[in-house]
Amino acid sequence: MKIGIIGGLGPLATVKFMELINERIDDEDIELVVINDPTTPDRTSYILDNTKDNPVYKILDMVKKLEKANCSVIVMPCNTASYFYKEIKNATNIHFINIVEETVKYLAKNKIKKVGLLATKGTIKSKIYEDLLNEYDIECVIPNSIDQDTIQEVIYDGVKSNKDISLDKFYEITNRLKEQGSKKIILGCTELSALRKIKGLYQEEYLDAMEILADDTVNYVSKRKNA
């Protein structure tokens, strides 16, 4: 059985996601097929300005390549790219696991009613988390504009640029979200998930969307194998 991964939508995040999958499987019959295209246009840039290059065409091209590889399921370790979920779902008959949907379902299952969201400006503007959280009657707290600029710097000037940065302001933002009643803080960007593994951000308040995606991907494949 093959897990197809749409990669390169941060390359580091793709590697970290593969590590998470490999930590969860001990079955040599499960293969990872990765199409890694770091030339895919930036998702946030397009969401903020639709005159920029649309990344969906590169993403759909990777989907077709995973189809040709006979993958049983396709996943995409990128929260912002979930903005294109409908186009992806309509382009393939292969089961696609959506990182945003799985994270929100986890929160609902665990009866968490108020969360903070740390993500790219593209994810925040598109409201892909907020809209789905609202459907489950979960309140979403987002950083103020100054704090969002800081999160963007952590993602783009830190993780994506492979530079070591201070996390003092990051922790301050987390605390402000908690002070507003957030019971969990969603790491809603896979670069932040990668940062979590690099910096050891294992505090209880953080909910790592990429870990949830890894768990649900392996659970799906295991059930299919045992069916």
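The values are calculated or read from the model by the stated rules, or taken from the named source; none is laboratory data. Bear in mind that the values here come from a model prediction, so they are computed numbers and not experimental data. Backbone-built Cβ (ideal geometry, glycine too); neighbour counts: all protein chains shown. For accessibility, only protein heavy atoms count, side chains too; no ligands or nucleic acids. Shrake-Rupley method; radii C 1.70, N 1.55, O 1.52, S 1.80 Å.
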Quiz prompt | Efficiency of FRET between D164 and S222 - r from beta-carbon atoms, R0 41 angstrom, step 0.05 | solution = 0.65
Exercise. Quote the relative contact order of region 72-204 in percent (integer), defining contacts as alpha-carbon pairs under 8 Å separated by 6+ residues.
Key: 29 percent
Exercise. Under 1.5 on a/c is rounded, so check that first for the chain, then, if it is not, pick prolate when a/b is larger than b/c and oblate when it is not; a ≥ b ≥ c are the square roots of the alpha carbon gyration tensor eigenvalues.
Key: prolate
Practice problem: Determine the per residue accessible area of the chain with all protein chains present and a 1.4 angstrom probe, expressed in square angstrom. | Solution: 48 Å²
Quiz item: How long is the gain from L32 to K113 if the chain were fully straight, where each residue apart is worth 0.36 nm and the alpha carbon distance is subtracted?
Solution: 25.7 nm
Quiz item: For region 201-213, in order, what is each residue's ³J(HN,Hα) by Karplus, 6.51 cos²θ - 1.76 cosθ + 1.60 with θ = phi - 60°, in whole Hz (x at glycine and Pro)?
Solution: 7, 9, 4, 4, 6, 7, 10, 8, 4, 5, 5, 5, 4
Exercise. List every residue whose amide H lies under 5 Å from the amide H of I186, counting only residues 5 or more places away in sequence or on a different chain, with H placed 1.01 Å from N in the peptide plane.
Key: G116, L117, L118, L207
Quiz item: What percentage of the solvent-accessible surface of the chain, computed with a 1.4 Å probe over protein heavy atoms, is contributed by carbon and sulfur atoms?
Solution: 44 percent
Quiz prompt | Long-range amide H partners of C78 with built H, under 5 Å | solution = none
Quiz item: Taking region 20-77, which GluC sites (Glu not before Pro) meet the DSSP loop condition and have no more than 10 other C-beta atoms within 10 Å?
Solution: E28
Exercise. Report the residue, chosen from L12, L195, L132, that carries the largest GNM mean-square fluctuation when the chain is represented by alpha-carbon nodes joined by springs under 10 Å.
Key: L132
Practice problem: Using the structure shown, select from K197/K225; K125/K169; K2/K184; K2/K160 the pairs with a Cα to Cα distance greater than 26 angstrom. | Solution: K197/K225; K2/K184; K2/K160
Practice problem: Take peptides 75-85, 173-183 and line them up by average Cβ neighbours within 10 Å, highest first, as a rough protection proxy. | Solution: 75-85, 173-183
Quiz item: Which of the aspartates and glutamates could be linked to K68 by a straight reach, that is with a Cα gap under 20 Å, when you skip same-chain ones fewer than 8 residues away?
Solution: D29, E31, D37, E87
Exercise. Using a Förster distance of 25 angstrom, determine the FRET efficiency expected from the C-beta separation of K52 and D131, and round it to 0.05.
Key: 0.65
Quiz item: Long-range amide H contacts for E31: which residues qualify at under 5 Å (H placed 1.01 Å from N, peptide plane, sequence gap of 5 or more or a different chain)?
Solution: K2, I3
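Based on DSSP H runs of at least 4 residues, each adding -39500 (n - 2.57), what is the mean residue ellipticity at 222 nm of the chain after dividing by all its residues, to the nearest 500 deg cm²/dmol?
The helix-only estimate for the chain comes to -15000 deg cm²/dmol at 222 nm.
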Exercise. May I ask you to evaluate 6.51 cos²θ - 1.76 cosθ + 1.60, the Karplus curve with θ = phi - 60°, for each residue of region 157-173 and list the ³J(HN,Hα) values in order in whole Hz, giving x for glycine and proline?
Key: 7, x, 5, 5, 8, 6, 10, 7, 10, 6, 9, 4, 5, 4, 5, 4, 5
